[in-house]
1. Is it true that Tyr252 is surrounded by 19 or more Cβ atoms within 10 Å (Cβ to Cβ), of a type outside the set (Asp, Glu) and in contact with a Ser or Thr (Cβ under 9 Å, 6 or more places away or on another chain)?
2. Which residues, counting only those in the stretch 306-330, are in contact (Cβ under 8 Å) with a residue 40 or more places away in the chain and under 17 Å from Phe271 (Cα atoms)?
3. What number of residues within the stretch 117-151 are closer than 20 Å to Gly214 by Cα, in contact with a strand residue (DSSP E or B) (Cβ under 9 Å, 6 or more places away or on another chain) and not charged (D, E, K, R)?
4. Any chance you could count how many residues in the stretch 59-76 are touching a residue at least 60 places away in the same chain (Cβ under 8 Å) and in contact with a strand residue (DSSP E or B) (Cβ under 8 Å, 6 or more places away or on another chain)?
5. For the stretch 321-369, how many residues meet the condition of being more than 25 Å from Asp251 (Cα to Cα) and either among the hydrophobic types (A, V, I, L, M, F, W, C) or in contact with a Leu (Cβ under 8 Å, 6 or more places away or on another chain) (or both)?
6. Just to check your reading of the model, which residue among Leu140, Leu161 is under 14 Å from Val123 (Cβ atoms) and under 26 Å from the mean Cα position of the chain (by Cα)?
7. Just to check your reading of the model, which residue among Gly97, Gly76, Gly10 is more than 30 Å from Pro301 (Cα to Cα) and among the small types (Gly, Ala, Ser)?
8. Considering only residues that are more than 11 Å from the chain's Cα centre (by Cα) and either small (Gly, Ala, Ser) or in a strand (DSSP E or B) (or both), look in the stretch 243-265 and name the one that is farthest from Trp304 (Cα to Cα).
Amino acid sequence: MSARPPAEPGMAFDDIDTPALIIDLDRFEANIAFMADRAKALGVRLRPHAKTHKSTIIAAKQVAAGAVGLCCQKVGEAEILVEGGIRDVLVSNEVWGRRKLARLAALARHARIGVCVDDAKNVADLSQAATRADATLNVLVELDVGAGRCGVRTAGEALALAKAIDAAPGLTFGGLQAYQGSAQHKRSVQEREALIGAAAELTGETQKRLKDAGLECGIVGGAGTGTFELEGKTGIWNELQAGSYIFMDADYAKNHKADGRPVDTFGHALFVIATVMSKPAPGRAVVDAGHKALGNDSGFPDVWGLDGATYGRPSDEHGAIDLTNCKTEVSAGDRLLLVPGHCDPTVNLYDWYVGVRGMHTPDARVECVWPVSARGALT
């Protein structure tokens, strides 16, 4: 059973229970529209990553804005997306295990389902699952384009796998998955350009080898919020898989533009609202949001609108706010907005989004409450 929602539509912003996961609806909608427009201008398709939001409602809004479908990392996420009405889903990851493969193949009877491989045994297992389910799976070969995670490392290995997919019953060769994840949070434009340039070289070479062998890449997918413009301009990638752009967490905002200023392409739309539960000393406040309320793997959250205040020393349910360099008075009972360091794991800690209209204004009110429908879908 899900926890009780922390708010109700129509409620005043100040009445939201804390901690709660807040969406600034105005900024969120602007982020969705901007990315849809950029993809169109770049001449590429947009397939946003649902691992960021884990929400069928948000997925539907992205499709309505022009996305061709969604991608996700887990079969469980794909099942929830399809149940929520999304009809084109790519599991941008490898899937192993008889039960998982059976679930994936069964899903392909209801929607267009893609999956990635980097191993010939996995191709055979996928084929067996698809034929048993009387379904067809769209299978992409994953390239390791520099992230050092999954994927084959050479064009020759990719060609061999693509041929195996093409020959396997129940499978169609869908193209290439070429995501350079380690480039996303490199701070300088030069670092990001160098990494995507190397990724483009391998991806382009592989695509040519496949084409020469009579295998067309319907999808060449990858790119993230930190580099989507770079991939989109190469003429190699034809699908962008950015996810965090809808929320823009604190870590992405530390990337720099060419002039050295922070990236401001997208605005912060995701916040955790917390209450000051104690003010034990003049330079310190304690809020009701600790490790169980925030994903701290990419650094602690920024304290919104409170210059000089910093968050730190979290425990399970507490976070300390250092006010030593803050000139604004903070009292017990005050409510603070925190910008998560990493949006994806933060979202997975909550059952509900609280959508607020007119955020950062005196008239801010709750407009909607949405379930985080794929929360905890790890299998």
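1. Yes; evaluated as a whole, the condition is true for this residue.
2. Quick first cut of the stretch 306-330, residues in contact (Cβ under 8 Å) with a residue 40 or more places away in the chain only: 318-319, 321, 323-324, 330.
If the condition is that a residue be in contact (Cβ under 8 Å) with a residue 40 or more places away in the chain and under 17 Å from Phe271 (Cα atoms), then His318, Gly319, Ile321 are the ones that fit.
3. So the answer is 8.
4. Here is the first cut: in the stretch 59-76, the residues touching a residue at least 60 places away in the same chain (Cβ under 8 Å) are 62, 68, 71-72, 74-76.
Adding the requirement that they be in contact with a strand residue (DSSP E or B) (Cβ under 8 Å, 6 or more places away or on another chain) leaves 62, 68, 71-72, 74-75.
Of the residues in the stretch 59-76, 6 are touching a residue at least 60 places away in the same chain (Cβ under 8 Å) and in contact with a strand residue (DSSP E or B) (Cβ under 8 Å, 6 or more places away or on another chain).
5. Residues flagged as more than 25 Å from Asp251 (Cα to Cα) and either among the hydrophobic types (A, V, I, L, M, F, W, C) or in contact with a Leu (Cβ under 8 Å, 6 or more places away or on another chain) (or both) within the stretch 321-369 amount to 7.
6. Result: Leu140 is the single residue among Leu140, Leu161 that is under 14 Å from Val123 (Cβ atoms) and under 26 Å from the mean Cα position of the chain (by Cα).
7. Values: Gly76 fails: more than 30 Å from Pro301 (Cα to Cα); Gly10 fails: more than 30 Å from Pro301 (Cα to Cα).
Just one listed residue meets the conditions, Gly97.
8. Across the stretch 243-265, the extreme among qualifying residues is Ala258.
Here, each number is a calculation from the coordinates, and none is a lab measurement. Here the structure is a predicted model, which is why all the values come from computation and not from measurement. For neighbour counting, all protein chains shown are included, and Cβ atoms are generated from backbone atoms with ideal geometry for every residue, glycine included.
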